[in-house]
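Notes to accompany the following structure.
The values are calculated or read from the model by the stated rules, or taken from the named source; none is laboratory data. These numbers were taken from a predicted model, which means no experiment stands behind them. Here the Cβ positions follow ideal geometry from the backbone for every residue, glycine too, while neighbour counts run over all protein chains shown. In case anyone asks, the SASA skips ligands and DNA or RNA and just uses the protein heavy atoms, side chains included. Shrake-Rupley method; radii C 1.70, N 1.55, O 1.52, S 1.80 Å.
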Amino acid sequence: MKRSLEDTKDGEPNSKRPMSAPRLVGNIPCTLHYPLHREDTSWVETFTLPGSFKIHPFTFEMLWSMHPPKKSSFTRYKMLETEELECPFWSQSFGRTGPSTSSLTTGIPAILIPWFNFANEGTNYGNGFKNPFNAITVHWFENGEDYTYPQSYKHFVEQDAYGNTTTLFIFFGHPRMIQFKTKVQDASCGNVRLMLNHEMGLVMGGLTQATHTYAISKVGTDPTMVGPSILLTFEILKKKKKFI
């Protein structure tokens, strides 16, 4: 199903604009397509995981117990100064990068391999790139106050001849909001906020890495949204990246 681009103000939709017809990129049944650009050059798609790739509660608990002991920090650059900030989530990255990788699953915990194989063999999002998905980052969110800062890693990810990139997310646990905000001066780009639900897949592709930043937002202390959540991020990397 194809959705229209919505211009947003402060993350809230306020108008709809005509645009060229978007194409559905993914091969998963009942996929929804969200253009982030009027010409559909930047886009997001969402789907529900097929039954064999849903997560058992025991597996969720095992995966949750793998989070690092310390929550993440990152460096923010402001003019000529840098600032070290603590960020309230855990993250850990796995996998190897580069065309010389002998085994895509090298360094990846066995518990993650079924979803890693799904990303590469059960979807067609990696088609057209010289490398398949070759890296996973896992984010653990303890409650509704945990969040990520806006990020985009265009200079690390593999691009096709047209500059397109592809990143696939798989989400488990209590719902969280992900927001895509334009970072370019282009009236054709819009901001989109989407709710990540349990056992949901989300793919951002096209020029999204170049035109938008993305972040997991706080959802506050609503008792229906304070439970743990896990986000798997699959990327096609062309060189090693300093993860946070």
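Please arrange Glu61, Glu86, Glu235 by accessible surface area, largest first, computed with a 1.4 Å probe and ligands excluded.
The residues order as Glu86, Glu61, Glu235, largest area first.
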(request) Could you run the Karplus curve 6.51 cos²θ - 1.76 cosθ + 1.60 with θ = phi - 60° over the stretch 107-115 and give me ³J(HN,Hα) per residue in whole Hz, x for Gly and Pro? (result) x, 9, x, 4, 5, 8, 4, x, 6
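Under 13 Å from the Cβ of Phe141, count the other residues' Cβ atoms, weight Lys and Arg +1, Asp and Glu -1, and hand me the total.
On the way: positive: Lys71, Arg176, Lys218; negative: Glu142, Glu145, Asp146.
With Lys, Arg at +1 and Asp, Glu at -1, the neighbours total 0.
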(request) Could you pull the accessible area for Ser52 with a 1.4 Å probe, rounded to 10 Å²? (result) 100
(request) Take the alpha carbon gyration tensor of the stretch 166-236, find the square roots of its eigenvalues, order them as a ≥ b ≥ c, and report rounded if a/c is under 1.5; if not, report prolate when a/b exceeds b/c, else oblate. (result) oblate
(message) Can you list residues from other chains, or at least 5 along the same chain, whose modelled amide H is less than 5 Å from the amide H of Asn134?
(response) Glu235, Ile236, Leu237
(request) Give a residue-ordered list of calculated ³J(HN,Hα) values for the stretch 170-183 (Karplus: 6.51 cos²θ - 1.76 cosθ + 1.60, θ = phi - 60°; whole Hz; x for Gly, Pro). (result) 10, 10, 10, x, 5, x, 9, 8, 10, 10, 10, 10, 5, 10
(message) As I understand it, the dipole of the stretch 117-218 uses +1 on the Cβ of Lys and Arg and -1 on the Cβ of Asp and Glu, about the Cα centre. Which of Gln185, Thr211, Gly173 lies farthest toward its positive end?
(response) Gln185
(message) Heavy atoms of the protein only, probe of 1.4 Å, neighbouring chains included. What is the accessible area of Ile216 in Å², nearest 10?
(response) 10
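Report the gain in length on full extension from Ser52 to Asn197: 0.36 nm times residue separation, minus Cα-Cα distance, nm rounded to one decimal. If you can, show how the numbers build up before the last one.
Values: separation 145, 0.36 × 145 = 52.20 nm, distance 1.73 nm.
Here the answer is 50.5 nm.
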(request) Kindly identify the stretch 108-244 as rounded, prolate or oblate by the Cα gyration tensor criterion: order the square roots of the eigenvalues as a ≥ b ≥ c, call it rounded if a/c is under 1.5, otherwise compare a/b with b/c, prolate if a/b is larger, else oblate. (result) oblate
(message) Under the rule a/c < 1.5 gives rounded, and otherwise a/b versus b/c splits prolate from oblate, where does the stretch 117-189 land using the Cα gyration tensor?
(response) oblate
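Going from most exposed to least, what order do Met177, Met195 have by accessible area with a 1.4 Å probe? Intermediate values should be presented prior to the final figure.
Working: Met177 40, Met195 60 Å².
Greatest to least solvent exposure: Met195, Met177.
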